[in-house]
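Quick note: the coordinates plus some simple rules give every number you see, no bench work behind them. Keep in mind that this is a model prediction, so the values were computed, not measured. In this analysis, Cβ positions are derived from the backbone assuming ideal geometry, glycine residues included, and neighbour counts consider all displayed protein chains.
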Amino acid sequence: RIQALKVAGYSYTASWVAGIFLLIPVLSFLSILGVYSLYLLFLGLPVLMKAPKEKALSYTVVVILAAIVLFMVIGFVAVSFRRMPMG
């Protein structure tokens, strides 16, 4: 479990750092550098999670798709609570 936490933390650090550029409108185009976190995830999965190197790309794609689905579900739930009548 600790290895999975390392992969998540290390790979997502690039996105967090790139998010700082969104605070400065002139530099917001540099936020695209957060895509580097996907490459770090691709590199980190075989090393830390002992995944076979030939399956690293498919594991990376599955993790990205799972994250997209998770964010969609969270967004749907958030919108559902927002539309609930009060009282």
Margin query: Being without any contact (Cβ under 8 Å) to a residue 12 or more places away in the chain and surrounded by fewer than 11 Cβ atoms within 10 Å (Cβ to Cβ) narrows it down to one residue among 5, 27, 22; which is it?
Written below: 5
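Please go through region 57-80 and pick out each residue that is among the hydroxyl-bearing types (Ser, Thr, Tyr) and over 11 Å from residue 42 (Cα atoms).
The one that is among the hydroxyl-bearing types (Ser, Thr, Tyr) and over 11 Å from residue 42 (Cα atoms): 80.
Within region 77-84, is there a residue that is under 18 Å from the mean Cα position of the chain (by Cα) and surrounded by 10 or more Cβ atoms within 10 Å (Cβ to Cβ)?
The answer is no, given that none of the residues of region 77-84 is under 18 Å from the mean Cα position of the chain (by Cα) and surrounded by 10 or more Cβ atoms within 10 Å (Cβ to Cβ).
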Margin query: Of all residues being among the small types (Gly, Ala, Ser) and under 14 Å from the mean Cα position of the chain (by Cα) in region 32-73, which is surrounded by the most Cβ atoms within 10 Å (Cβ to Cβ)? Just the residue, please.
Written below: 44
